[in-house]
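This report refers to the structure that appears directly beneath it.
The values are calculated or read from the model by the stated rules, or taken from the named source; none is laboratory data. Just so you know, these numbers come straight off a predicted model, no measurement behind them. Here the Cβ positions follow ideal geometry from the backbone for every residue, glycine too, while neighbour counts run over all protein chains shown.
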């Protein structure tokens, strides 16, 4: 029930910002293979297997996804699923906060988190992806928007299992050094995968000019 209104909002956002294509742009229909390792890499079956493989070989996984039958609904699904899992990761934290401060009920906290994560965050992700595409263009690479979105959304989806663990730790231990340190590790993993993902889509994109 949450996905439908968020999907509608994202489509409105795309239309208002002039992003009309829901498929890979013509310039990226035939994506080159950067090296022999990319050509021999076999993408694991199933979403979980691909997420686990991303921790070990992020550039190869994202490169294989980019060269596959990639469509905008699939990329949007990655973003919405990531937001949904982030929302779930907040449930233990919100429950603990409601127990410590009953003046704001658990349901009220859930409503606020739902609005911020399931409605606003997807729009922000599309905005960040547009900035990423612009940055890549300024660096001399014409990267199709769908590939920039793939790099960002897949990187975020990949670290959501770690966010679920962090949510559980925060609920049991509270805001102690261990949970804060684990949150820093999650951030570093996300940045590492994002850099590798951007490198993958940049390597298979056409040079500018």
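Screening residue 146 with (1) at pLDDT 90 or above; (2) closer than 18 Å to residue 63 by Cα; (3) surrounded by fewer than 18 Cβ atoms within 10 Å (Cβ to Cβ) gives one miss only, at (3).
Cβ separations smaller than 6 Å between residues 6+ apart or across chains give no pair from the stretch 111-139 residues that are free of Cβ contacts under 8 Å to residues at least 60 places away in the same chain to residues that are in a helix (DSSP H, G or I) and exposed (fewer than 15 other Cβ atoms within 10 Å of the Cβ). Helices (runs of 4 or more DSSP H) fully within the stretch 58-137 that include at least 2 residues being under 15 Å from residue 194 (Cβ atoms) and at pLDDT 95 or above: 72-100. Within the bounds of the stretch 180-193, is there any residue that is outside any helix (DSSP H, G or I) and either touching a strand residue (DSSP E or B) at 6+ places or on another chain (Cβ under 8 Å) or at pLDDT below 90 (or both)? Within the stretch 180-193 (the criterion being outside any helix (DSSP H, G or I) and either touching a strand residue (DSSP E or B) at 6+ places or on another chain (Cβ under 8 Å) or at pLDDT below 90 (or both)), the answer is no, since none of the residues qualifies. Looking at this structure, is residue 170 in contact (Cβ under 8 Å) with a residue 60 or more places away in the chain, touching a helix residue (DSSP H, G or I) at 6+ places or on another chain (Cβ under 6 Å), over 26 Å from residue 56 (Cβ atoms) and in a helix (DSSP H, G or I)? Yes, satisfied.
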